[in-house]
Every structure is written in C-alpha cells, then in structure tokens.
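Working notes for the structure below.
Please treat every number below as a calculation from the coordinates, not as lab data. As the structure is a computational prediction, the values presented were derived from the model and not from experiment.
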Amino acid sequence: MTSLAVSKQVIIDFFVFLSLCVPVLIVHIMAEPVNVGFFCKDESLTLPYKPDTVSQALLLIVSVGSPFVVIAITEGFRAAAKTRQPQRVRTAMFIYAKAFGLFLFGLVINCIFTDTIKYSFGRLRPHFLDLCKPDFTKFNCTDEYGVAKYIQDYECTNTLADEKLIKDSHMSFPSGHASVSVYSAIFVVLYLQLRMNITVSHFLRPALQVGFLLMATLCCVTRVTDHKHFSTDVIAGSLLGATTAGLLVNVFSLPLDKLTM
C-alpha cells in the first residue's frame, strides 16, 4: 500500500470515527431515558446510594490506557525482532495505529449499543428510591382493593441529588461499566493471543490475559456491591462487551494476526 493510499485511508477512517462519536455525545447531552415507574414497596429499589468504587474516569483510563500500552509494547517488540527489515519502525507504527484504531472503533460501537439499550429500557437502579426520595403523600400506593399500584407519575424531592444523578438512576440496564471493561479485556486477550509471540515463557501471555479478565471481573462485581446495578444488568453488559470485541476481531474486521503494512 502506497503512502498516499495509507494517508487517504487514515483520513476517511478518522471522519467515520468522528461521525460515530457525535451521536453518542448528542445522546448523552440531550436524550432522556424512558420514564419507568415503580411499586412503593419494591425492596429491590430501596438500597442506599453509594459512591462509585470505580469511577467513570478510572474506568476510561484503565479500559483505554491498557490496550494503548499493551499494543505499543507488543508491536515494539515485534518490530525489534525483525532486524533485517529496514522499515520495521514505520511498519510497527502503522500496525499499531491500525490495531488501536480498531479498538477505539469497537469501543464507540459498544457504547452506541449500550446507550441505545439504556435509554430504551429506562430501568431503575437499586438505589433509586433512596436517591429520588419521591413524595409518597402525593399518591396512593394501593388501589381501593389494597393491591399495590404501579406509580409512574411522581416527583423526586431529594435536593441533594442533581438532575444528572436522577437521570442516571433510570439507566441501570445494561451496565455500562461492565460493557466497557469486558469489551476492553476481551479485546486485549484476543490481541495478545494473535500478536504476542513469546518464546522465553509459556505462562507470560496467559498470565497477562487472566490479569485483564480479573480486572474486568472486579469492576463488574463493584457495580453490584455499590448498588448501581442488578446482577442481570452486569451480566447483560458483560455479554454485550464480549460479543462486540469477539465479532470485531474475528468477523467484521481484518484478523489481527494478519495485520501488515
């Protein structure tokens, strides 16, 4: 592939990537999740609100930073091993950009699916009633027969919770943390399997793979223990992230083990 063709491909891919990022930003800023109601005595929604163990900032730093470092080191070692190839550094940089670009593309696709489902379902988080503190005096929790009523017309009274938190409390399904962390972990696992050739140790690669899977697992567990999600939310998010990574690497894109200049 000539330098001109490579430059053209990079420019086109960049604008395609931007065209996918814009809708994600617009949805986060302007869209509202479906208004879902509740039953007054639904104990699954009464758990106390807790701060995140894994913040969104930490999630993005680890989930994006880890593949960035892993791909850079792996391709650097692969280039160093090809001592007879005069353009090995340039080739390594091209392959690195291709692999990391593939990761970012998949990450945006994963976020699009995750957010679409979140806003469409509007599932309430386990801490919803504690965060919202609806005024129960303004509606009847039961009908004339004493049967629990589904309350959809309510108003949150917690002055300590801003609109962003209230909006977020309607987006439990699926777990975004699980979706992103598992996507990142599975992508790195597949990447290492296809691109990391280690002769000095049989255990280094699987140890790294297990390490990334363990980090994703711990992130998923905290979403339940922090009362941010139900177990089904985390399972669904994990399946979504794993499916996106698997399809991206093995079906919809050039296999990583065949990346060349």
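P(r) tail for segment 27-138, what percent of Cα pairs lie past 16 Å?
74 percent
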task = Ratio to report: Rg/Rh of segment 141-255, with Cα atoms as the point set and Rh obtained by the Kirkwood method; give two decimals.
result = 1.21
ask   = Amide H neighbours of PHE39 under 5 Å, counting only residues 5+ apart in sequence or on other chains, H built in-plane at 1.01 Å?
value = ILE151
note = Over all Cα pairs of segment 113-205, the Kirkwood radius sets Rh, and Rg/Rh then becomes 1.29
query = Can you pull the semi-axes for the chain, root of five times each eigenvalue of the Cα gyration tensor, sorted largest first, whole Å?
reply = 45, 20, 13
